[in-house]
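The values are calculated or read from the model by the stated rules, or taken from the named source; none is laboratory data. Keep in mind that this is a model prediction, so the values were computed, not measured. Cβ atoms come from the backbone with ideal geometry, glycine included; neighbour counts cover every protein chain shown. Ligands, DNA and RNA are stripped out before the accessible areas are found, and what is left, the full protein with its side chains, is counted by its heavy atoms. Shrake-Rupley method; radii C 1.70, N 1.55, O 1.52, S 1.80 Å.
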Amino acid sequence: MSATERPSGQQQTGRPAANPCADSAFLRACRREPVPHTPVWFMRQAGRSLPEYHKVRQGIAMLDSCTRPDLVTEITLQPVRRHRVDAAIYFSDIVVPLKAIGIDLDIKPGVGPVVERPIRSRADLERLRPLDPDDVKYVTEAVGMLVGELGATPLIGFAGAPFTLASYLVEGGPSRNHEHTKALMYGDPELWADLLDRLADITATFLKVQIEAGASAVQLFDSWVGALAPSDYRRSVMPASAKVFEAVAGYGVPRIHFGAGTGELLGLLGEAGADVVGADWRVPLDEAARRVGPGKALQGNLDPAVLFAPREAVEAKAAEVLDAAQGLEGHIFNLGHGVLPTTDPDALTRLVEYVHTRTER
């Protein structure tokens, strides 16, 4: 896939600059417009399930791979070539902007992001300086290369939400119970609010860089926010997420919000400012739509583990998702979380073909 012209960057005028993706099934679904078929893409579609990914990443650390535009471009394109998905997702990691501002962290295989010195005091907060676009020049370069290659296939920009970034920073790494995070949130709400506000600014800048380089939509991942009760989310988290969405609203690109285990938060995820709300597999899409309310598109929500079942079972479960999506204002087919590392890539390719064929208008 290639384009004869590279789409121009987005201008903050309230609508996206003209580009060959504007009439794509994915963007039409985001805008809740009629589509030729239900569009499909997969969270973590560019990554560990693909043998070609392992080949190009061999011997290269995760965070190093995120700073090499040639590698980012190749990895982002791999699932588009293989699966014929309707959108590409920018290959990165949620901690990239934190690394770019000098936070001492690394992604350890089998563990995840590990922060050398956790942030748990006001003095620690001073280590979180603003992100400057020049800190992530490689992102601008990679997005520019990608939109030139993708042509009419949209590129989705990517960032971690303030709560999930805060959890890694406060815990020092992945956590099952988020005890340090919740202790800070409950015990020092003023410091917590300042922490999330700084992270909102960093995240907004990271998304703006991607949009201005040519991304056609953005997704904010709040991987760990399902650990919170709705009242805590509304009071202590939603203001920061809303700040991120508001910061990029003027570009006119669709804004997607996703968090795992967020069935009780779905309405609030939309209220924070998303145009599209992603649901995991625990809530049927028709019920998710009821919780979110009108005026939003829905994304999801096949259980990633279903892909390990025989083809007939995968298609039956996919049909359940599509049936539950009947009558929605807009639907983007996706998994209810990311592609699992040992997933058979051919199962994903077959699933895309099945959804396209079954929903062809």
Worksheet item: Relative contact order, percent, of segment 222-361 when contacts are C-alpha pairs under 8 Å separated by at least 6 residues?
Response: 20 percent
Fill in: Order of exposure, largest accessible area first, which applies to Ser92, Ser121 with probe 1.4 Å
Ser121, Ser92
Practice prompt. Using Cα pairs closer than 8 Å and at least 6 residues apart in sequence, work out the relative contact order for the chain, in percent.
Written response: 23 percent
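Given a 1.4 angstrom probe, what's the average accessible area per residue across the chain, in square angstrom? Spell out each step's value before the answer.
Working: 14610 Å² over 361 residues.
I get 40 Å² per residue for the chain.
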Worksheet item: Heavy-atom accessible area of Glu246 with all protein chains present, probe 1.4 Å, nearest 10 Å²?
Response: 130 Å²
Response to the item:
Order by accessible surface, 1.4 Å probe, largest leading, for residues Tyr53, Tyr138 comes to Tyr138, Tyr53
Worksheet item: When only the heavy atoms of the protein chains count and the probe is 1.4 Å, how do Lys137, Lys55 rank by accessible area, highest first?
Response: Lys55, Lys137
Worksheet entry | Choice from Ala279, Ala193, Ala313 showing the highest fluctuation, given a GNM over the chain with Cα pairs closer than 10 Å | Ala313
Worksheet item: What dipole magnitude, in Debye to the nearest 20, does the chain give about its Cα centre under +1 on Lys/Arg Cβ and -1 on Asp/Glu Cβ?
Response: 200 debye
Worksheet entry | Inter-label distance, nm, simple model (7 Å from Cα along the C-beta direction), Arg282/Glu141 | 4.2 nm
Fill in: Correct choice for semi-axes √(5λ) of the Cα gyration tensor in Å that was computed from the model, options (i) 40, 26, 17; (ii) 29, 23, 21; (iii) 37, 29, 21
(ii)
Fill in: Solvent-free Debye scattering, log10 I(q)/I(0), computed from the Cα coordinates of segment 218-361 at q = 0.09, 0.17, 0.20 Å⁻¹
-0.28, -0.93, -1.19
Practice prompt. Evaluate the Debye formula for segment 10-158 with equal point scatterers sitting on the alpha carbons, no solvent, and hand back log10 of I(q)/I(0) at q = 0.09, 0.10, 0.11, 0.12 Å⁻¹, in q order, two decimals.
Written response: -0.35, -0.43, -0.52, -0.61
Worksheet item: Using the Karplus equation 6.51 cos²θ - 1.76 cosθ + 1.60 (θ = phi - 60°), what ³J(HN,Hα) coupling, rounded to whole Hz, does each residue of segment 275-282 give in order, writing x for Gly and Pro?
Response: 8, 10, 10, x, 10, 7, 7, 6
Item to complete: Excluding residues fewer than 8 places away in the same chain, name every one of the aspartates and glutamates whose C-alpha is closer than 19 Å to that of Lys182.
Response: Asp124, Glu171, Glu190, Asp194, Asp197, Asp222, Asp232, Glu264
Worksheet item: Taking amide H positions as placed 1.01 Å from N in the peptide plane, with prolines and chain starts having none, which residues 5 or more places from Asn301, or on another chain, fall under 5 Å of its amide H?
Response: Asn334
Worksheet item: For the residue pair Phe308 and Glu320, what label-to-label distance in nm results when each label sits 7 Å from Cα along the Cα-to-beta-carbon direction?
Response: 1.7 nm
Worksheet entry | Whole-percent carbon and sulfur share, accessible surface of the chain, 1.4 Å | 49 percent
Practice prompt. Let me know the Kirkwood hydrodynamic radius for segment 73-118, please, with Cα pairs as the basis and the value in Å to one decimal.
Written response: 12.6 Å
Worksheet item: Mind checking the dipole of segment 187-328: about its Cα centre, +1 per Lys or Arg Cβ, -1 per Asp or Glu Cβ, Debye to the nearest 20?
Response: 180 debye
Worksheet item: When only Cα pairs under 8 Å and 6 or more residues apart are kept, what is the percent relative contact order across segment 24-81?
Response: 27 percent
